[in-house]
Amino acid sequence: METVTAQNGTRLLTEARVAEMWSKTYNTNGKPDWSHLFPYYHEDIVFQDSIQRIEGKEAFMGLCNRLTSRCKQLHMDIRTIAGTEREILFDWTMTMMFERYPSTPVYGCTRLTLHEDGRIIRQRDYYDLWGDIFNGIPWFKKPYRRFMRRKFG
């Protein structure tokens, strides 16, 4: 089978390729490494999650490097993945391990939007960081969830 490449020489991103590449990024035996993914990102990437919005590849690479320096280990389990020619959506469980704190699973999904040249031009991560973290604190979980139900539904 012929390998199709993007204009920058990388293999085109498909659902299978994203699952393969992201599974190499996060592991249980060391720090995460995004370096093999950076060629798949467009220079004008816009990354957004529940905490921040980052514009430009250099700023995005800085974000990834800061997360690497903070985590002892990071593991991502991609649960489902689906895509079209220009968008790939996958849901995941990410477990972050820090030096002094217990492992914290965060549940979310990512939407990748591909530029016409095949590289990622937008990445939007959706997750409830504080809810997932607070669920891991036994004495805080119930009051937090009670507050959320009372104020938001």
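The values are calculated or read from the model by the stated rules, or taken from the named source; none is laboratory data. Just so it is clear, the model here is predicted, and its values are computed rather than measured. So basically every Cβ, Gly included, is an ideal-geometry build from the backbone, and we count neighbours across all protein chains shown.
Are any of the residues in region 138-150 more than 26 Å from Trp22 (Cβ to Cβ), among the hydrophobic types (A, V, I, L, M, F, W, C) and surrounded by 13 or more Cβ atoms within 10 Å (Cβ to Cβ)?
Keep residues of region 138-150 that are more than 26 Å from Trp22 (Cβ to Cβ), which gives 138-150.
With the extra rule that they be among the hydrophobic types (A, V, I, L, M, F, W, C), the set shrinks to 139-140, 147-148.
Within this subset, residues satisfying the condition of being surrounded by 13 or more Cβ atoms within 10 Å (Cβ to Cβ) are 148.
Within region 138-150, one or more residues are more than 26 Å from Trp22 (Cβ to Cβ), among the hydrophobic types (A, V, I, L, M, F, W, C) and surrounded by 13 or more Cβ atoms within 10 Å (Cβ to Cβ).
Are any residues in region 109-153 in contact (Cβ under 8 Å) with a residue 40 or more places away in the chain, within 18 Å of Tyr40 (Cβ to Cβ) and among the charged types (D, E, K, R), and if so, which ones? Don't jump to the end; show me each part of the working.
From region 109-153, those in contact (Cβ under 8 Å) with a residue 40 or more places away in the chain are 112, 114-115, 117-129; that's our starting set.
Applying the additional criterion that residues be within 18 Å of Tyr40 (Cβ to Cβ) yields 112, 114-115, 117-125.
Asp117, Arg119, Arg122, Arg124, Asp125 - these are the residues of region 109-153 that are in contact (Cβ under 8 Å) with a residue 40 or more places away in the chain, within 18 Å of Tyr40 (Cβ to Cβ) and among the charged types (D, E, K, R).
Quick one: in region 59-75, of everything that is under 14 Å from the mean Cα position of the chain (by Cα) and aliphatic (A, V, I, L, M), which residue is surrounded by the most Cβ atoms within 10 Å (Cβ to Cβ)?
Here the answer is Leu74.
Of all residues in region 46-93, count the ones that are β-branched (Val, Ile, Thr) and more than 20 Å from Glu15 (Cβ to Cβ). Steps first, please.
First, the residues of region 46-93 that are β-branched (Val, Ile, Thr): 46, 51, 54, 68, 78, 80-81, 84, 88, 93.
This time we only want the ones that are more than 20 Å from Glu15 (Cβ to Cβ), so: 46, 51, 54, 68.
So the answer is 4.
Look through region 101-123, keep the residues that are among the polar types (S, T, N, Q) and at pLDDT below 95, and return whichever of them is surrounded by the fewest Cβ atoms within 10 Å (Cβ to Cβ).
Ser103
Out of the residues in region 6-32 that are assigned to a loop (DSSP other than H, G, I, E, B) and modelled with pLDDT of 85 or more, state the one that is nearest to Thr68 (Cα to Cα).
Applying the first criterion (assigned to a loop (DSSP other than H, G, I, E, B)) to region 6-32 yields 6-10, 12-14, 26, 28-32.
In the following step, the residues that additionally are modelled with pLDDT of 85 or more were identified as 13-14.
Details: Leu13: 24, Thr14: 26 Å.
Among them, the one singled out is Leu13.
Of the residues in region 47-58, how many are of a type outside the set (A, V, I, L, M, F, W, C), within 13 Å of the chain's Cα centre (by Cα) and not in a loop (DSSP other than H, G, I, E, B)?
Qualifying residue count for the region: 1.
When you scan region 76-89, do you find a residue that is of a type in the set (S, T, N, Q) and assigned to a strand (DSSP E or B), even just one?
The initial filter retains those residues of region 76-89 that are of a type in the set (S, T, N, Q), namely 80, 84.
From the residues that got through so far, the ones that are assigned to a strand (DSSP E or B) too are 80.
Yes, region 76-89 has at least one match.
Give region 76-100 a look and list any residue that's more than 26 Å from Ala16 (Cα to Cα) and surrounded by fewer than 12 Cβ atoms within 10 Å (Cβ to Cβ), or say none. Step through it out loud before you land on a result.
Our first condition is that a residue be more than 26 Å from Ala16 (Cα to Cα); within region 76-100, this holds for 97-100.
Answer for region 76-100, where residues must be more than 26 Å from Ala16 (Cα to Cα) and surrounded by fewer than 12 Cβ atoms within 10 Å (Cβ to Cβ): Glu99, Arg100.
At negative phi, basic (Lys, Arg) and more than 14 Å from the chain's Cα centre (by Cα): does that describe Arg122? Step through it out loud before you land on a result.
On the way: at negative phi: yes; basic (Lys, Arg): yes; more than 14 Å from the chain's Cα centre (by Cα): no.
Here the answer is no, as Arg122 does not meet what is asked.
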